[in-house]
Structures are given as C-alpha cells and as structure tokens.
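The values are calculated or read from the model by the stated rules, or taken from the named source; none is laboratory data. These figures come from a predicted structure and were not determined experimentally. Cβ coordinates were reconstructed from backbone atoms using ideal geometry, including for glycine residues, and neighbour counts include every protein chain displayed. What goes into the accessible areas is simple: the full protein's heavy atoms, side chains included, and nothing from ligands, DNA or RNA. Shrake-Rupley method; radii C 1.70, N 1.55, O 1.52, S 1.80 Å.
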Amino acid sequence: AMKAIDYAGFPARKAKAKASGKLRGIGVSCYIEACGIAPSKAVGSLGAGVGLWESAEIRVNPVGTIEVLTGSHSHGQGHETTFCQIIAERLGVPISQVSIVHGDTDKVQFGMGTYGSRSLAVGGTAIVKAMEKVEAKAKKIAAHALEASESDIVIENGEFKVTGTDKSIALPMVALAAYTAHNLPDGMEPGLKETAFYDPTNFTFPAGAYICELEVDPGTGKTSFVNFVAADDFGRLINPMIV
C-alpha cells in the first residue's frame with residue numbers, strides 16, 4: 001500500500017501543496033481479522049450448542065460429470081463459480097462438467113452454513129478433502145486398467161496418465177469402470193463418490209492496510225481526496241473477481 005501510494009514521496013507533495021496555500025495530509029489504517037469461523041472446540045468453550053465444521057460430498061457420475069454437495073449455502077457469494085473452479089482445476093476438466101448442490105435438505109447432508117467468512121476456508125476445504133479421496137480411488141482404478149503402478153498415475157486435462165508413457169484413460173472411462181464394476185481391483189467396492197467433514201484447527205487471519213491522502217483548503221475548509229489505496233492479504237485467491 002505504501003508503495004502504491006508513493007508514501008516516500010509524500011513530504012515533497014505536502015511541501016508543494018503548502019506553497020499553494022493548501023494543507024496536505026496522509027493517514028494509514030491497518031487491520032487484522034479472525035475469520036473462517038470455527039474451530040468447534042473454540043466455539044464450544046464459549047457455550048455454542050453446535051460445532052462449526054463443514055461437510056462435502058463429491059459424486060462422479062458414470063458419464064464423468066461431477067456433483068458437489070456442500071453444506072455451505074450460497075447467499076450470492078459465487079459458490080457456484082469458485083467451488084466448481086476448485087474441482088475443475090484439480091481434474092483439468094471444463095467447469096461446465098461440475099455442478100454444485102446446496103440448500104437442498106433432501107440431498108445435502110448436515111452443514112453449518114455460510115457466515116463469518118468461512119465458506120471457502122471451511123466449506124471449500126471440506127470439498128478438497130472429499131476430492132482427494134475421489135482422486136485416490138480413481139487412481140487405483142486407472143492404475144489397474146492401465147496395468148501400471150498407482151504411484152505413476154498423474155491427473156492432467158481430464159485424463160489419468162502413466163508418467164513417462166503415452167498410456168492414459170479419460171475420467172469418464174474411469175467413472176464408467178467404477179460403476180460397471182467389471183474390472184476393479186480386488187476388494188474395491190463399486191462407485192465413485194466420497195464424503196468429508198472438515199473442522200479447522202484455527203481461524204484464518206486476513207489483514208490489510210488502507211492509506212488515504214487528502215488536501216484541505218484552509219480558507220474554505222473544502223476537503224479533496226487526492227488518493228486512496230487499499231491492500232488486502234486474503235491468502236490464495238481462487239477467483240480474484242470474487243473476493
């Protein structure tokens with residue numbers, strides 16, 4: 001923020017304003033905030049009657065489309081975009097291949113909702129943890145089908161590939177194999193869906209600094225804003241246009 005507003009150059013600008021009969025001032029305000037509301041132990045110690053974990057279920061359908069069931073209900077924050085982006089980026093598939101299901105108590109398991117800047121930090125992490133389980137099972141299926149070691153399987157552009165070879169199998173074929181169950185590894189149950197609950201060990205702590213530079217005409221009292229800069233640290237941004 002100081003660099004963006006050229007804080008080091010302020011004394012010269014102040015002197016120039018003074019020469020013109022104006023008063024020039026600059027103010028700095030910094031903040032740090034506890035967000036990502038949970039962990040459950042913390043709110044429990046304060047008398048809360050519920051835990052503040054979040055849950056997610058990932059369903060990969062037989063044709064390779066993906067449903068994300070989340071307890072983080074959207075109130076217009078863009079969950080349908082950012083949650084889909086998380087899955088699409090991990091698998092390398094089009095975002096249109098992923099759909100979000102929320103707010104439907106007939107389908108979605110228990111959830112603690114969206115408030116306290118917790119949707120991505122808590123709900124998003126539950127989605128990632130469920131996705132990690134899906135990926136682990138899918139890699140086992142792909143390795144079995146490609147006659148390769150599970151450790152050699154990587155996921156790129158919607159395909160499960162054997163490192164260092166041209167052997168690959170697309171996600172829809174892995175999903176189909178999971179549901180037809182004709183050729184699964186011994187002992188593996190059919191299907192390709194997983195559930196996860198996530199209870200964070202701490203809050204998140206976003207921080208930032210705001211700097212305002214203004215000028216005052218001492219004769220009239222008129223105040224003019226010269227510049228205003230806001231710099232916020234929100235950690236990793238899934239979508240910079242939705243913050």
- Go through the residues of the stretch 224-236 one by one and say whether even a single one is touching a residue at least 60 places away in the same chain (Cβ under 8 Å), on the phi < 0 side of the Ramachandran plot and part of a loop (DSSP other than H, G, I, E, B). no
- Item | Members of the stretch 181-205 found to be touching a residue at least 12 places away in the same chain (Cβ under 8 Å), more than 30 Å from Ala34 (Cβ to Cβ) and exposed (fewer than 13 other Cβ atoms within 10 Å of the Cβ), listed by number | Asn183, Pro185, Pro190
- Query: Taking the stated definitions as given, is Val134 outside the structural domain of Gly27 (by the TED database), at pLDDT 95 or above and outside any strand (DSSP E or B)?
  - Reply: yes
- Of the conditions (1) farther than 30 Å from Gly219 by Cα; (2) out of contact with any Ser or Thr (no Cβ under 8 Å at 6 or more places or on another chain); (3) aliphatic (A, V, I, L, M), Ala56 fails just one. Which one is it? (2)
- Members of the stretch 183-232 found to be farther than 30 Å from Gly25 by Cβ and in contact with a Pro (Cβ under 9 Å, 6 or more places away or on another chain), listed by number: Leu184, Leu192, Asp199, Pro200, Thr201, Asn202, Phe203
- Do you know which residues across the stretch 52-78 are among the hydroxyl-bearing types (Ser, Thr, Tyr) and either within 22 Å of Phe160 (Cβ to Cβ) or over 14 Å from the mean Cα position of the chain (by Cα) (or both)? Ser55, Thr65
- Query: What tally of residues in the stretch 153-167 results from selecting those that are crowded, with 16+ Cβ neighbours inside 10 Å, among the charged types (D, E, K, R) and not in a loop (DSSP other than H, G, I, E, B)?
  - Reply: 2
- Item | The one condition in (1) of a type outside the set (S, T, N, Q); (2) open to solvent by 30 Å² or more (accessible area, probe 1.4 Å); (3) within 19 Å of Glu215 (Cβ to Cβ); (4) outside any strand (DSSP E or B) that Phe10 fails to fulfil | (2)
- Taking Ala175, is it closer than 14 Å to Arg59 by Cα and either assigned to a loop (DSSP other than H, G, I, E, B) or among the hydrophobic types (A, V, I, L, M, F, W, C) (or both)? yes
- Message: Considering only the stretch 65-72, I want to know if a residue exists there that is among the β-branched types (Val, Ile, Thr) and in a helix (DSSP H, G or I).
- Response: no
- Message: Anything in the stretch 98-118 that is out of contact with any Leu (no Cβ under 6 Å at 6 or more places or on another chain) and in contact (Cβ under 8 Å) with a residue 40 or more places away in the chain? List them, or say none.
- Response: Gln109, Phe110, Gly111, Gly113, Thr114, Tyr115, Gly116, Ser117, Arg118
- Task: Could you tell me which numbered condition Lys41 fails, if it satisfies all but one of (1) closer than 30 Å to Asp217 by Cβ; (2) basic (Lys, Arg); (3) part of a helix (DSSP H, G or I)?
- Result: (1)
- Mind listing just one residue for me: the one in the stretch 57-93 that is open to solvent by 20 Å² or more (accessible area, probe 1.4 Å) and without any contact (Cβ under 8 Å) to a residue 40 or more places away in the chain and, of those, nearest to Leu237 (Cα to Cα)? Glu89
- Message: Looking only at the stretch 206-234, how many residues end up being under 18 Å from the mean Cα position of the chain (by Cα) and surrounded by 12 or more Cβ atoms within 10 Å (Cβ to Cβ)?
- Response: 4
